[in-house]
Amino acid sequence: MVGPDFVKPEAPVAEEWTEIEVPGLVKGKTDYSAWWEAFDDPVLNQLIEKAYQQNLTLEVAGLRILQARAQLGIAIGSLYPQKQRAYGEYAANQQSESLGTPVFDPQYGSLGLGFDAAWELDVWGKYRRSVESGAANLEATIAGYDDILVSITAEAARSYIQIRTFEKRLEITQENVEIQERSLALALARFEGGEVSKLDVTQARSLLYNTKALVPSLQTSLEQTKNALAILLGVLPGELEIMITGPVKIPEVSQDIIVELPAELLRRRPDVRLAELRVAAQSPQIGIAKADLYPHFSLFGAIGWKATNASFPGEDNSLGDIFSSKSLFWTAGPSISWDIFNYGRIKNRVRAEDALFQQTVVKYRNSVLDAHKEVENAIVAFLRSREEETFLKGSVESSEESVRLSLLQYEEGLLDFQRVLDTQRVLSTQANRWSGTQGRVSTNLVALYKALGGGWQIRIGKEVIDADTREEMTKRTDWGRLLDSEAVTLPEPSEKVGERGNWHRPDW
């Protein structure tokens, strides 16, 4: 086969992550196939499974796999005689009288039956390269399916954590409203008793209304996030509520997070695997284009019967003689053709395919760099947000004590109301920041699991399309064996990209 054989491109791989020897992170090997179970939240587990079963974007990705399998079947079919036909033809004829007196009846019929075929031999590997490219493209569509599955599981978990975060912030805001309502009642009582001015009342009421104003904004964000999660799960927004019932608790992971070495990243992340397979699919295209620089060798043949009822004087021909020995004909032989004067078209096509190949190599290397960046960013975001959450927790605890003490001292006349307002304002701000940061710690952890390439493994051993879709497609089109249960069950990815056979039996 002319053209280059696929060789896995080289890409820079770090020996270690920048921040790994820190509390909470452990270097080692682990299974990321169901990373969401580390949050120990049954509702989250249910949502992930629902997203896997019903997400419509994932369903489209599964149908692309079937399309790629059919396209591979087209490439395999080209390995065999590319042109063949069985034919039957009948013609009624009228000879022109202007040619003079015919020697036979000017009106006659002719009948022909036969079979012919032409087979361009794959001397230079043009068609085998097509199969190689089609097989790599099929594996690439599977990697694309896995990449979408990783994104879906991560997005479902992130949306659910955001929902719980908004619910927690609403709960905290309501608690602050109750505290500030008590402060307003206290200020109003002291004002009516002539102990303080009306200023204390108006300031307390202003702070209360300002805190209440947070509620509509949080409710809007909560409902919009619920709607986004519903669409991700393939259900109508109103159907989500029953799925997320449960205590208002932001999911968190209590145990240490195990992070594997960067080298493992390239084997697990489907987007890196997808970029590599695109290189493998483009590499044979160079050979396909280069094969046209050389001669084309073909075999051709035809066999059949031809009969006519036109008769010369003294003869008696009939269309019924179609299968007699005198009606049999055949022809066979080799042929050679060579595009000698192509005016640079073929060479420039080879160059164009080579340039496309080099683009895929560079994109692969860039995908490896992006994978490193995403993991490093997720690690630092998780660690720093966790530190921030620890400090904010201490701040909220101190603020709660400050509010309690300031109210007691104000009630006894030892403090002015401004100190009470300040402590309540700080508590409201810090409590909201704390709950928001708690949610960010968990979403940053989700981003880390996504960056490490976890989640796609749940499809191993399962069918890529559901039974209803398969039945609908089978009724519409003859899919042969491509929709068999075994055929639509995706295998585990092979590490030997490009090392595949080039000769297959056709899908009759």
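Overview of values
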read-out: Residue within the range 188-197 that is among the aliphatic types (A, V, I, L, M), free of Cβ contacts under 8 Å to residues at least 24 places away in the same chain, touching an Asp or Glu at 6+ places or on another chain (Cβ under 7 Å) and assigned by TED's automatic domain parsing to the domain that holds Leu448 present; value: no
read-out: Matching option when the condition is farther than 30 Å from Ser133 by Cα, within 28 Å of the chain's Cα centre (by Cα) and buried (at least 16 other Cβ atoms within 10 Å of the Cβ), among Ile76, Ile48; value: Ile48
read-out: Residues (of a type in the set (A, V, I, L, M), more than 22 Å from Asn342 (Cα to Cα) and either surrounded by 21 or more Cβ atoms within 10 Å (Cβ to Cβ) or under 27 Å from the mean Cα position of the chain (by Cα) (or both)) located in the range 270-299; value: Val272, Leu274, Ala275, Leu277, Val279, Ala280, Ala281
read-out: The range 464-488 residues that are without any contact (Cβ under 8 Å) to a residue 60 or more places away in the chain and part of a loop (DSSP other than H, G, I, E, B), paired with ones that are exposed (fewer than 10 other Cβ atoms within 10 Å of the Cβ) and of a type in the set (Gly, Ala, Ser) (beta carbon under 6 Å, 6 or more apart); value: none
read-out: Test: residue in the range 184-201 that is within 54 Å of the chain's Cα centre (by Cα) and either closer than 24 Å to Thr429 by Cβ or in a helix (DSSP H, G or I) (or both); value: no
read-out: Residue among Glu139, Glu132 that is buried (at least 21 other Cβ atoms within 10 Å of the Cβ), in contact with a Pro (Cβ under 6 Å, 6 or more places away or on another chain), among the charged types (D, E, K, R) and on the phi < 0 side of the Ramachandran plot; value: Glu132
read-out: From the options Tyr52, Tyr32, residue that is hydroxyl-bearing (Ser, Thr, Tyr), under 22 Å from Leu277 (Cβ atoms) and touching a residue at least 24 places away in the same chain (Cβ under 8 Å); value: Tyr32
read-out: Counted residues, the range 216-253 - those being free of Cβ contacts under 8 Å to residues at least 40 places away in the same chain, in a helix (DSSP H, G or I) and either in contact with a Pro (Cβ under 8 Å, 6 or more places away or on another chain) or crowded, with 17+ Cβ neighbours inside 10 Å (or both); value: 3
read-out: Residue identified as buried (at least 16 other Cβ atoms within 10 Å of the Cβ), in contact with a helix residue (DSSP H, G or I) (Cβ under 6 Å, 6 or more places away or on another chain), under 30 Å from Gly454 (Cα atoms) and not small (Gly, Ala, Ser) among Arg164, Arg169; value: Arg169
read-out: Unmet requirement for Val150, which otherwise passes all of (1) surrounded by fewer than 19 Cβ atoms within 10 Å (Cβ to Cβ); (2) on the phi < 0 side of the Ramachandran plot; value: (1)
read-out: Boolean, Ala92 is surrounded by fewer than 16 Cβ atoms within 10 Å (Cβ to Cβ) and within 30 Å of Glu120 (Cβ to Cβ); value: no
read-out: Subset tally (residues that are on the phi < 0 side of the Ramachandran plot, loosely packed, with under 13 Cβ neighbours inside 10 Å and not acidic (Asp, Glu)) for the range 461-473; value: 2
read-out: Yes/no for Gly112 being of a type outside the set (Asp, Glu), in contact with a Lys or Arg (Cβ under 9 Å, 6 or more places away or on another chain) and over 30 Å from Leu66 (Cβ atoms); value: yes
read-out: Flag if Val43 is loosely packed, with under 12 Cβ neighbours inside 10 Å and part of a helix (DSSP H, G or I); value: no
read-out: Test: residue in the range 417-435 that is of a type in the set (Phe, Trp, Tyr), at pLDDT below 90, in a helix (DSSP H, G or I) and farther than 30 Å from Thr390 by Cβ; value: yes
read-out: Residue satisfying all of: in the range 8-29; aliphatic (A, V, I, L, M) and within 25 Å of the chain's Cα centre (by Cα); surrounded by the fewest Cβ atoms within 10 Å (Cβ to Cβ) among these; value: Val13
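The values are calculated or read from the model by the stated rules, or taken from the named source; none is laboratory data. This structure is a prediction, so every number in the text was calculated from the model and none was measured. Heads up, the Cβs are rebuilt from the backbone with ideal geometry, glycines too, and the neighbour counts pull from every protein chain shown.
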